[in-house]
Structure formats: C-alpha cells, structure tokens
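What follows is a single structure, written as structure tokens, with notes after it.
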Amino acid sequence: MAVLGQADACACLGEDWRRLQATADPLNPFLSWEWQWTWWEHFGTDLTPVWLTFRTEGRLRGVLPLYRDPDRERTLRVGGGLTLSDHLGFLAEPGWEPQVAAATVEWLGEAAPGTLLDLHFLPEGSASLAELQAAAAAAGLPVAAAVEEVSPAVEVPSDFERYLETCLGKKDRHELRRKRRRLDQEQPGWRFVTHTEVGRDVALEHFFALHRASHPDKAAFLTEENRGFFRRVAARLDDAGWLRLQLLVTGGGPVAAAFGFAVDGTWYLYNSGYDPVAGRWSVGLLCVAEGVRAAIAEGMSRCDFLRGNEAYKYDLGAQDRALHHLRVGAAPGGPAGGPGGVRP
C-alpha cells in the first residue's frame, strides 16, 4: 500500500485512476476521477491528502482517496464531501476488493495507529462495507457500522408503460397520469429537453435558478463555491458522456430541472429544482418522471434517487437501500466524526 500525501502527486494519478474505473462493475460515479479530483481542486486547499493506492505488477488495483482535516488530525475521511457526495468507499478492480481492504486495514494499524477511519455513505452490499468490516475484524481492530441514510432506487423494465404498471402502486400510477394530463391540458406544447439541445452552460444556469427557487435551504446550499464545483464537474461528466441535465419547459420557459448522470446502466438523480409558481402543475415530480422515461429509453435498468427519503421517490416506485457509516480503529479519546452532512 503506497500513500500519496501531496496534491501534485495525486494529480498525476489521473490516467491510472481512469484505467481502474473502467474495470469497475458497476462504477460508483462519486469515486470516479472526474468527481474526486474536481472536489479536491475546489475544496482541498486546507486539507491533507492521504490517498491510499494498491498496486500489483505496476497496475493500480485499488484506491481510497482519504484526507485529514486540520481540525481532526486523527480522523481520515473519503474525499468528495459529505454534503456533495452520496455513495462513498474505495474503488477496486473486480476480484481485488479483499486485498485492497486488507491492505488498507494493515496500513491503518501499522502506519497510522490511533487514527480513526471514518467512512460515510457506504452502500449496503458494497465491497467497501463488507470487505473493510471483515478485514478489520480479522486484524483485531475496533470496527462499528450503523445505517445513517437511505438511497431509494428502483429497478426499471425496458418500457415506460410497463414501469408504470409494475413499479408503481395503483394510486401512485393514477396520480402521475392525472398530473400529466393536467399539464397537457393547461400547458399544451410543454417540452422536456436536455442540455445537449440548449447548451450545457445555459441548462446549468437554469438549474441553478430553479434549485434556488425551490426552497431556502437549497438557495443556501448553492454558494458561489458550490456553483463553481458544479460547473467544473458538469463539464467533466459531460466529456465522459455521463451528464444528464434536463429541463421541463412550458411556454413561459423552464419550470423544472434535474441534474443527474447515467453510468453503467444506472441513472442517478443527483438534484432537482422547480419554480414554485408552477408548482400547481406538479412540474417537479413530472420532471423527474420524465427523467425516468428518458433513462428507460436510453436503456438504463436502474434509477437511483440517491440520498434522502423524500416522498416523491417512493411515489415513483423506489425502495430503500441503506447507506452505512463505518468506523475502523479509534482515535485517542474515543470515536470522532459525527453524522454526515445533509445535501438539500
């Protein structure tokens, strides 16, 4: 296990990281180079990188991009930000997960004794959660896991009408169709468009405006620093072919927006917003439903609505998947870290 502790050294890992993520099955987009390095560029100034890299025969087999915060020198967390990232853990080539986990735990016990590995948002069933727990137990290190969030998702068939019939309950199916008819009647000619039609920068500014308008908490979340991050990461996700930035447009202009990405057969709805003035047409829900329709048409087999238990996710057929908070080791004075952040 090698440790990269300088930003310049981390920057040089990009080619190997992308080669590694191309092997992942499936790829966690929040552990992609595009997401992690963009986050580091924007928010890593006052942090110390502790990027653990595992290689055999010169090939990168796994990476865990940790960092130290000066306020918590004895705590290590995964990059990506607790208010910005939804699924975290390590990235590993298939078949190498046990070795990556074992090497991580060995390094923690030998090179960083007294340090707490404080990992948030590890998906239920992920190798990161299972293998790190097993490796810590085998090494005799303290380990504790608890559910801290949910990430509702739905497996979708290859046809939208079949999705409505098989994934939604009768009441939710009826309500969605009723809302769609009302929009058709009162806003004839409404459209669902993507950033490829109107331009990424234009669509992103519409998303910002609609996100801010949705709720005061969302407005507070969209700081200039966060907007800069989204501009940069949107460009990189777009270059990778993953960005899905979508707008519901009526005669008066865009009234709802969805910011997401499609990776390895899954459409991830990262965030959304809508104009409250148009709320009587349920444009927020319908924009997401149209996102599901577009994902199915594109051949996606899963729609993940990511962190949070908002009611609309269950209206659209999602079922909870637990996200775990995992602590390995113990800092002096007992566990540190606290709860993960909330993303509006």
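The values are calculated or read from the model by the stated rules, or taken from the named source; none is laboratory data. Since we're looking at a predicted model, the values are computed, not measured. Heads up, the Cβs are rebuilt from the backbone with ideal geometry, glycines too, and the neighbour counts pull from every protein chain shown.
Restricted to region 1-60, the set of helices (runs of 4 or more DSSP H) holding at least 2 residues that are under 24 Å from Phe121 (Cα atoms) comprises 14-21, 33-43.
Residues of region 257-291 being in a helix (DSSP H, G or I), under 23 Å from the mean Cα position of the chain (by Cα) and more than 18 Å from His206 (Cα to Cα), which ones?
Filtering region 257-291 for residues in a helix (DSSP H, G or I) gives 276-281, 283-291.
Subsequent filtering for residues that are under 23 Å from the mean Cα position of the chain (by Cα) retains 284-291.
Residue satisfying the conditions is Ala289 alone.
Among the residues of region 193-209, those identified as in a helix (DSSP H, G or I) and either more than 14 Å from Gly260 (Cβ to Cβ) or more than 21 Å from the chain's Cα centre (by Cα) (or both) are Thr196, Glu197, Val198, Asp201, Val202, Glu205, His206, Phe208, Ala209.
If the condition is being in a loop (DSSP other than H, G, I, E, B) and either in contact with a strand residue (DSSP E or B) (Cβ under 8 Å, 6 or more places away or on another chain) or of a type in the set (A, V, I, L, M, F, W, C) (or both), then region 165-177 contributes only Leu168. For Glu41, the requirement of being at pLDDT 95 or above, outside the structural domain of Leu237 (by TED's automatic domain parsing), acidic (Asp, Glu) and surrounded by 23 or more Cβ atoms within 10 Å (Cβ to Cβ) is not met.
Scanning region 110-119 turns up at least one residue that is in a helix (DSSP H, G or I) and not assigned by TED's automatic domain parsing to the domain that holds Phe229.
Scan region 67-84 for residues that are in a strand (DSSP E or B) and within 17 Å of the chain's Cα centre (by Cα) and jot them down.
Listed by number, the residues that qualify are Arg77, Val78.
Conditions tested, residue by residue: (1) out of contact with any strand residue (DSSP E or B) (no Cβ under 6 Å at 6 or more places or on another chain); (2) farther than 30 Å from Ala297 by Cα; (3) in contact (Cβ under 8 Å) with a residue 60 or more places away in the chain.
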| site | (1), (2), (3) |
| --- | --- |
| Gly62 | no, yes, no |
| Glu73 | yes, yes, no |
| Gln99 | yes, yes, no |
| Ala103 | no, yes, yes |
| Ala111 | yes, yes, yes |
| Asp118 | no, yes, yes |
| Phe121 | no, no, yes |
| Ala136 | no, yes, yes |
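Among the residues of region 178-192, which ones are surrounded by fewer than 16 Cβ atoms within 10 Å (Cβ to Cβ) and in a strand (DSSP E or B)? Arg191, the sole residue that qualifies.
Restricting attention to region 41-60, which residues are among the aromatic types (Phe, Trp, Tyr) and touching a strand residue (DSSP E or B) at 6+ places or on another chain (Cβ under 7 Å)? Result: Trp51, Phe54.
How many residues, within region 146-164, are in a strand (DSSP E or B) and buried (at least 18 other Cβ atoms within 10 Å of the Cβ)?
Quick first cut of region 146-164, residues in a strand (DSSP E or B) only: 146-150, 153-155.
Checking which are buried (at least 18 other Cβ atoms within 10 Å of the Cβ) leaves us with 149-150, 153-154.
Of the residues in region 146-164, 4 are in a strand (DSSP E or B) and buried (at least 18 other Cβ atoms within 10 Å of the Cβ).
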